[in-house]
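Asker: Here it is, the structure, as structure tokens.
The values are calculated or read from the model by the stated rules, or taken from the named source; none is laboratory data. Keep in mind the model is a prediction, meaning the values are calculated, not measured. Glycine gets a Cβ as well: all are built from the backbone with ideal geometry, and neighbour counts include every protein chain shown.
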Amino acid sequence: MTVTNVAEIEKGLWKFKMPPHQIRLFGEPKSNVGERSILIFSDFIFDPIEKKIHFEADAVTALNVGTLADVLGMSATSELDAKSNQGSNARTSQDDFGSGDRRFLEMVKAELPPHMQEASLLLLKEIRARSSGDLKKGMSRNFSDTPDNFWYVIVQPRIEQLSITVRGPVGHFENLANLPIKDDRGNTLFKVTGPEDVPAAVEIIFHAIRKS
């Protein structure tokens, strides 16, 4: 199968059009909310020149089926992108995470339900494929990214979510954020409630203001 007119947002993350009834052919989705659909590709060939993604139907998982034809596609693993673009510092295997990252995942496993464990691991894999670093645990359930600290995350067991704050005012993110955002003492806060939020979360995180 082939998707055409694919717009690459960044490595392993794309936008394209596909009607909801076609997305349902990939199996029962994990959710049916909002306007945008979310697809995860476990095996594919992306042609940036032709702007096409070639794949087999059984290599696609529908995380969400929206009401419109707008789709976010995401690579299930960034290993290929990491090897070709990020060098030896990129990490995509859980065994290769730093001690702080592993501590975060251990807390998530102990305190959040399975769908949030999946979302947390997928989020961290995507971040580490693009930015080497390690999380540092704070006083409670919060973790800040080192060495830049351009994002930090709080594990919230009571409401079964991740609260993420990124460096930069709300106005810096308004034109691209596909998740609700709000001010957090001059920076910007948003929530991750499941795997379907991960592509939008990654987009926001890597739009954060970085230290020079």
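Asker: Can you tell me which residues in the range 159-212 are over 22 Å from L112 (Cβ atoms) and aromatic (F, W, Y)?
Answerer: Within the range 159-212, F173, F206 meet the criteria.
Asker: Show the residue pairs that are 6+ apart or on different chains and have beta-carbon atoms under 8 Å apart, the first residue being within the range 20-35 and closer than 20 Å to L179 by Cβ and modelled with pLDDT of 85 or more, the second being loosely packed, with under 15 Cβ neighbours inside 10 Å and not hydrophobic (A, V, I, L, M, F, W, C).
Answerer: G34/T67; E35/T67
Asker: Let me ask something additional. If I filter the range 121-130 for residues that are outside the structural domain of V60 (by TED's automatic domain parsing) and assigned to a loop (DSSP other than H, G, I, E, B), do I get at least one hit?
Answerer: no
Asker: I'm checking my understanding of the structure. Among residues of the range 177-206 that are assigned to a loop (DSSP other than H, G, I, E, B) and touching a helix residue (DSSP H, G or I) at 6+ places or on another chain (Cβ under 6 Å), which one is nearest to A62 (Cα to Cα)?
Answerer: G194
Asker: Could you please find all residues in the range 185-198 being on the phi < 0 side of the Ramachandran plot and either basic (K, R) or surrounded by fewer than 16 Cβ atoms within 10 Å (Cβ to Cβ) (or both)?
Answerer: If the condition is that a residue be on the phi < 0 side of the Ramachandran plot and either basic (K, R) or surrounded by fewer than 16 Cβ atoms within 10 Å (Cβ to Cβ) (or both), then K191 is the only one that fits.
Asker: Being of a type in the set (S, T, Y), over 16 Å from L72 (Cβ atoms) and touching a His at 6+ places or on another chain (Cβ under 8 Å), is that true of even one residue in the range 187-196?
Answerer: yes
Asker: What number of residues within the range 36-54 are at pLDDT below 90, within 21 Å of E118 (Cβ to Cβ) and not polar (S, T, N, Q)?
Answerer: Here the count works out to 2.
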